[in-house]
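Student: Mind looking over this structure? Questions follow.
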Amino acid sequence: MPEPILSLTGLRAGYGDFQALFGIDLDVEPGETLALIGANGAGKTTLLRAVTGLVGCAPEMVAFDGRPIGGMRPDRIAALGVAMVPEGRRLFRSLSVEENLLIGGERARKGEWTLERIYDLFPILREKRRNPATALSGGQQQMVAIGRALMANPRLILFDEISLGLAPVVIRDIYAAVPAIIASGVAAILVEQDVSRALGVAQRFVCMQEGRVSLAGRPGDHDRAAITAAYFGMAR
Amino acid sequence: MEWVNAIVQGVLIGGLYALFAAGLSLIFGVMRLVNIAHGDMVVAAAYLALVIVQMTGLHPLASVLLVVPLMAVLGYFMQRFLLNPTIGKDFLSPLLVTFGISIILQNGLLVLFTADSRRLAAGSIETASIQLVSGLSLGVLPLLMFMASVLIIFGMELVFFRTRLGRAFRATSDDPEMAQLMNLDRNDVFGMAMALSAAVVAIAGIFLAIRANFDPASGPARLIFGFEAVIIGGLGNLWGTLAGGVVLGIAQAIGAQISPGWQILAGHLVFFLVLGLKPRGLFPRMD
């Protein structure tokens, strides 16, 4: 077994008095894609925010490459090689498409992802590179958000609901790029409402329910009924 | 011709008001902070220039070379050690800290320099003028200062829209949380914004010291003029800020032409008028 790139141990986190995560344990191996599924409010986004440092937690609860990073400053965690494609894209609206990509590469690690590689992956962005990022269609904005995260040449990339609010044909285009991203060797956590889509690209999945892991394994290990039960909490 | 003259003088002083305003606008834009101490920083820079000129014998305009870097460094550390620890939780705490800095600066200057009003003598250039037509002449110094203000605002625009630092400023302004995920150290970005603001403040302070009498209590009025120029011009638009400064300068000059007592009041009235008719300013860029 290789050393996991990300390791969560008894992760508890929340906002003020509200606790969203109640002791999560999970590992992500280098180069692996892990699907994180679960209903709204299961704590998926909070988990990603704890990994990126946007939500505080105890240092040893999150280990990146064997090193405790829980509660570290977000920019320091980013510098280690963690990038996020946030829910709702959150592009910088006063920056052009190209500037959004460039700022993703701010003090980036060395690696294969460059502006040119991003434009090869999403050719439409080359055409629109001088436009304000928010003048693009939803799908194109999602491409910018993915490109912005890749520009950092991360070792772990966190995708939060990349298909949310997009038309099916656009989702297909976005997901067409996922194999190329995974092939570059980056590990990924894929948070997705569309369970079959997520299980289609991931090697393993973790299903969350009310801040706890309700089921985990390989997509083939469990039948749909078991996953549905873990998703909605009907198993008990 | 008297009126044309008044308007021309108003335009020229408007450049100085735009300089007061530009640094204020930058700080608000990047960190959503209203720097109450901004005017007092201008006055502190004026005193710093005074001390440097007295100690070194430099020409007041040449003191820029020392005052600008000194103020920039002071601004950076003021941000890192006094303001950053309070930023992010709510907007009131950093506002109160700047209010405190304002009081400390005013009283510190009072202890060091007494309440006597001072002026920085710039020599023969002060009285030099160019006659445009008979009855209308431009002072060389005010004209130089106006051109310098335009250049500085142009330079700030370049920094803001054409450099990596400016990109970091805009990203932090758009979405501070995401900017952190872009590997940007927020404390450093804010520090650099204050450093740039303080560098502009330094130039504004020197110009103020040459153009007018100043004393330790002169700061708040400069802050008000700066505020008014920002609001008249529209938030987030430095060229608008320059226009706002010019509008304010013209209003004051016309007021003074009517009656000396109307000078400041006329400026405030125009400010209220703009606020009433176009609350977002004449050339808004920021939401």
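Student: Of everything in the range A:69-81, what is more than 7 Å from chain B (Cβ to nearest Cβ) and charged (D, E, K, R)? Give them in sequence order.
Tutor: Quick first cut of the range A:69-81, residues more than 7 Å from chain B (Cβ to nearest Cβ) only: A:69-73, A:76-77, A:80-81.
A:ARG73, A:ARG76 - these are the residues of the range A:69-81 that are more than 7 Å from chain B (Cβ to nearest Cβ) and charged (D, E, K, R).
Student: Out of everything in the range B:173-211 that is out of contact with any Leu (no Cβ under 9 Å at 6 or more places or on another chain) and outside any helix (DSSP H, G or I), what residue ends up being surrounded by the most Cβ atoms within 10 Å (Cβ to Cβ)?
Tutor: B:MET182
Condition check ((1) hydroxyl-bearing (Ser, Thr, Tyr); (2) within 14 Å of chain A (Cβ to nearest Cβ); (3) farther than 28 Å from B:PHE113 by Cβ) across all residues:
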| residue | (1), (2), (3) |
| --- | --- |
| B:MET156 | no, no, yes |
| B:ASP175 | no, yes, yes |
| B:ASN183 | no, yes, yes |
| B:ARG186 | no, yes, yes |
| B:ALA209 | no, no, no |
| B:ALA217 | no, no, no |
| B:GLY236 | no, yes, yes |
| B:ALA253 | no, no, yes |
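Student: May I ask you to say which residue of B:LEU132, B:LEU138 is in contact (Cβ under 8 Å) with a residue 60 or more places away in the chain and farther than 21 Å from B:ARG222 by Cα?
Tutor: Numbers: B:LEU132 fails: in contact (Cβ under 8 Å) with a residue 60 or more places away in the chain.
Exactly one of B:LEU132, B:LEU138 is in contact (Cβ under 8 Å) with a residue 60 or more places away in the chain and farther than 21 Å from B:ARG222 by Cα, namely B:LEU138.
Student: Name the pairs: first residue in the range A:125-141 and on the phi < 0 side of the Ramachandran plot and among the charged types (D, E, K, R), second residue surrounded by 14 or more Cβ atoms within 10 Å (Cβ to Cβ) and part of a loop (DSSP other than H, G, I, E, B), Cβ to Cβ under 7 Å, at least 6 apart or on different chains?
Tutor: Taking only residues 6 or more apart or on different chains, the pairs are A:LYS128/A:LEU136.
Student: Conditions: (1) buried (at least 24 other Cβ atoms within 10 Å of the Cβ); (2) within 14 Å of another protein chain (Cβ to nearest Cβ); (3) modelled with pLDDT of 95 or more. A:GLN142 meets all but one. Number of the miss?
Tutor: Evaluating A:GLN142 over (1) buried (at least 24 other Cβ atoms within 10 Å of the Cβ); (2) within 14 Å of another protein chain (Cβ to nearest Cβ); (3) modelled with pLDDT of 95 or more leaves (2) as the failure.
Student: I'd like to know if the range A:170-182 contains one or more residues that are more than 18 Å from the chain's Cα centre (by Cα) and not in a loop (DSSP other than H, G, I, E, B). Please lay out each step first, then the result.
Tutor: Residues of the range A:170-182 that are more than 18 Å from the chain's Cα centre (by Cα), as a first pass: A:170.
If we keep only those that are not in a loop (DSSP other than H, G, I, E, B) too, we end up with A:170.
Scanning the range A:170-182 turns up at least one residue that is more than 18 Å from the chain's Cα centre (by Cα) and not in a loop (DSSP other than H, G, I, E, B).
Student: For the subset of the range A:50-70 comprising residues that are crowded, with 21+ Cβ neighbours inside 10 Å, touching a strand residue (DSSP E or B) at 6+ places or on another chain (Cβ under 8 Å) and not aliphatic (A, V, I, L, M), which member is farthest from A:PHE22 (Cα to Cα)?
Tutor: By that ranking, first place goes to A:PHE64.
Student: I would also like to ask the following. Scan the range B:108-142 for residues that are surrounded by 13 or more Cβ atoms within 10 Å (Cβ to Cβ) and assigned to a helix (DSSP H, G or I) and jot them down.
Tutor: Passing the criteria: B:GLY108, B:LEU109, B:LEU110, B:PHE113, B:ILE125, B:GLU126, B:VAL140, B:LEU141, B:PRO142.
Student: Of all residues in the range A:79-109, which are part of a loop (DSSP other than H, G, I, E, B) and touching a Lys or Arg at 6+ places or on another chain (Cβ under 7 Å)?
Tutor: So the first thing to find is which residues in the range A:79-109 are part of a loop (DSSP other than H, G, I, E, B), and the list is A:81, A:86-95, A:105-109.
Listed by number, the residues that qualify are A:GLY81, A:PHE92, A:SER94, A:LEU95.
Student: Taking A:GLY66, is it more than 9 Å from every other protein chain (Cβ to nearest Cβ) and on the phi > 0 side of the Ramachandran plot? Before you say what the answer is, go through the steps one by one.
Tutor: On the way: more than 9 Å from every other protein chain (Cβ to nearest Cβ): yes; on the phi > 0 side of the Ramachandran plot: yes.
Yes; evaluated as a whole, the condition is true for this residue.
Student: Got a sec? Which of A:GLU116, A:GLU87, A:GLU112, A:GLU98 is closer than 28 Å to B:ALA168 by Cα and free of Cβ contacts under 8 Å to residues at least 12 places away in the same chain? Before the answer, list the steps.
Tutor: Numbers: A:GLU87 fails: free of Cβ contacts under 8 Å to residues at least 12 places away in the same chain; A:GLU112 fails: free of Cβ contacts under 8 Å to residues at least 12 places away in the same chain; A:GLU98 fails: free of Cβ contacts under 8 Å to residues at least 12 places away in the same chain.
Going through A:GLU116, A:GLU87, A:GLU112, A:GLU98 in turn, just one is closer than 28 Å to B:ALA168 by Cα and free of Cβ contacts under 8 Å to residues at least 12 places away in the same chain: A:GLU116.
Student: A further question on this structure: Residue by residue through the range A:36-45, note down the ones that are away from chain B (no Cβ under 14 Å) and surrounded by fewer than 24 Cβ atoms within 10 Å (Cβ to Cβ). Walk me through how you get there before you give the answer.
Tutor: Let us first name the residues in the range A:36-45 that are away from chain B (no Cβ under 14 Å), namely A:36-44.
A:ALA39, A:ASN40, A:GLY41 - these are the residues of the range A:36-45 that are away from chain B (no Cβ under 14 Å) and surrounded by fewer than 24 Cβ atoms within 10 Å (Cβ to Cβ).
Student: Does A:LEU164 satisfy the condition of being within 16 Å of the chain's Cα centre (by Cα), of a type in the set (A, V, I, L, M, F, W, C) and part of a loop (DSSP other than H, G, I, E, B)?
Tutor: Judged against the criteria, A:LEU164 is a match.
Student: A further question follows. I'd like the full set of residues that are more than 14 Å from chain B (Cβ to nearest Cβ), buried (at least 21 other Cβ atoms within 10 Å of the Cβ) and either under 28 Å from B:ASN237 (Cα atoms) or in contact with a Phe, Trp or Tyr (Cβ under 7 Å, 6 or more places away or on another chain) (or both), limited to the range A:82-128.
Tutor: Residue satisfying the conditions is A:LEU125 alone.
Student: Here's a follow-up. For the range A:57-73, indicate whether the set of residues that are in contact (Cβ under 8 Å) with a residue 60 or more places away in the chain and either in a helix (DSSP H, G or I) or closer than 27 Å to A:ASP173 by Cβ (or both) is non-empty.
Tutor: Going residue by residue through the range A:57-73, those that are in contact (Cβ under 8 Å) with a residue 60 or more places away in the chain are A:64-66.
With the extra rule that they be either in a helix (DSSP H, G or I) or closer than 27 Å to A:ASP173 by Cβ (or both), the set shrinks to none.
No, the range A:57-73 has no match at all.
Student: Every residue in the range B:158-172 that is in a helix (DSSP H, G or I) and either more than 7 Å from chain A (Cβ to nearest Cβ) or in contact with a Lys or Arg (Cβ under 7 Å, 6 or more places away or on another chain) (or both), please.
Tutor: First, the residues of the range B:158-172 that are in a helix (DSSP H, G or I): B:158-162, B:164-172.
Answer for the range B:158-172, where residues must be in a helix (DSSP H, G or I) and either more than 7 Å from chain A (Cβ to nearest Cβ) or in contact with a Lys or Arg (Cβ under 7 Å, 6 or more places away or on another chain) (or both): B:LEU158, B:VAL159, B:PHE160, B:PHE161, B:ARG162, B:ARG164, B:LEU165, B:GLY166, B:ALA168, B:PHE169, B:THR172.
Student: Given the criterion at the interface with another protein chain (Cβ under 10 Å from one of its Cβ atoms), small (Gly, Ala, Ser) and out of contact with any Cys (no Cβ under 9 Å at 6 or more places or on another chain), identify the matching residue among B:ALA195, B:ALA179, B:ALA148, B:ALA202. Break it down stepwise before answering.
Tutor: Numbers: B:ALA195 fails: at the interface with another protein chain (Cβ under 10 Å from one of its Cβ atoms); B:ALA148 fails: at the interface with another protein chain (Cβ under 10 Å from one of its Cβ atoms); B:ALA202 fails: at the interface with another protein chain (Cβ under 10 Å from one of its Cβ atoms).
Residue meeting the stated conditions: B:ALA179.
The values are calculated or read from the model by the stated rules, or taken from the named source; none is laboratory data. In this text, all values refer to a predicted model and were calculated from it rather than measured experimentally. A quick note on method: Cβ atoms are made from the backbone with ideal geometry, for glycine too, and the neighbour counts reach across all protein chains shown.
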